[in-house]
Structures are given as structure tokens and as C-alpha cells.
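Peer 1: Here's a structure for you.
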Amino acid sequence: MKVIAAFLLAKLAGNESPTKDDLKKILESVGAEIDEEKIDLLFSLVKDRDVTELIAAGREKMGALSSGGPAVAVVGAGAGGDAPAAAAEPAKEAKKVEEEKEDSDDGGMMSLFD
């Protein structure tokens, strides 16, 4: 990631075609470790390609991934009207368990100082 970040920083600074030395200089300026293999890999992947096009293609791929939002809503709607209430009950039970644990710790520690 830091190699990509250095590449993009060089582009943002106005350097239309950053070199390996440019990336090394950026990474050295922040004290980051320089990995020659990763720099070489980046340049082999982005050669003769426009960075904005690569970013746009990446956004399209990320947009195609499911985040689980609509699927969860469909499952909740399909379960009927009791689904939200059923989902809230485990949360209440978990909270009660936490409160009991806190109370039991305080009682044990207080006896040491009585």
C-alpha cells in the first residue's frame, strides 16, 4: 500500500510519470522501508495505463461486491413481524450477563478492604 500511496502522491504533486527513484525518495522522506520488488511489481502493472482509469476500474469491481445490506433486509422481511423483536432479545440478554459480571467483581474486591 505504501508503494501505491507514494506513486499517487507523486502523481498528485504534478509528476505525470513518476520513476522508481521518485518513489524511493518519497518513501525515504517518511522513513518507510523500501521494497524493490513491490516497486517493480507496481511499475509492471501500471505501465502504459492511466491511473484514473485504473482507479475507475477498481471502483466498478468494488461496487460489484455485496456488502450484505440488501440480503439482510430481505431475510428480516421474510421472517415476519417478529424478526426485529427476536433480534433485540439476544442483545438484552448479553447486557444482563455483562452487568452480572461487573457486580460479582466489585463484591469480591470490596471484601479485601473491609
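The values are calculated or read from the model by the stated rules, or taken from the named source; none is laboratory data. Just so we're clear, the structure is a prediction, and the values are computed from it rather than from any experiment. Backbone-built Cβ (ideal geometry, glycine too); neighbour counts: all protein chains shown.
Peer 1: Restricting attention to the range 5-27, report how many residues are of a type in the set (A, V, I, L, M) and surrounded by 15 or more Cβ atoms within 10 Å (Cβ to Cβ).
Peer 2: Residues flagged as of a type in the set (A, V, I, L, M) and surrounded by 15 or more Cβ atoms within 10 Å (Cβ to Cβ) within the range 5-27 amount to 6.
Peer 1: Looking only at the range 2-40, which residues are outside any helix (DSSP H, G or I) and under 15 Å from residue 51 (Cα atoms)?
Peer 2: 13, 14, 15, 16, 17, 18, 19
Peer 1: Considering the range 54-72 alone, what residues qualify as being surrounded by fewer than 10 Cβ atoms within 10 Å (Cβ to Cβ) and either modelled with pLDDT under 55 or over 22 Å from residue 8 (Cα atoms) (or both)?
Peer 2: 64, 65, 66, 67, 68, 69, 70
Peer 1: Answer yes or no: is there a residue in the range 42-49 that is assigned to a helix (DSSP H, G or I), among the polar types (S, T, N, Q) and in the same structural domain as residue 6 (by TED's automatic domain parsing).
Peer 2: Yes, the range 42-49 contains at least one residue that is assigned to a helix (DSSP H, G or I), among the polar types (S, T, N, Q) and in the same structural domain as residue 6 (by TED's automatic domain parsing).
Peer 1: Quick test for you: out of 75, 30, pick the one residue that is at pLDDT 85 or above, surrounded by 10 or more Cβ atoms within 10 Å (Cβ to Cβ) and not acidic (Asp, Glu).
Peer 2: Testing whether each residue is at pLDDT 85 or above, surrounded by 10 or more Cβ atoms within 10 Å (Cβ to Cβ) and not acidic (Asp, Glu) leaves just 30.
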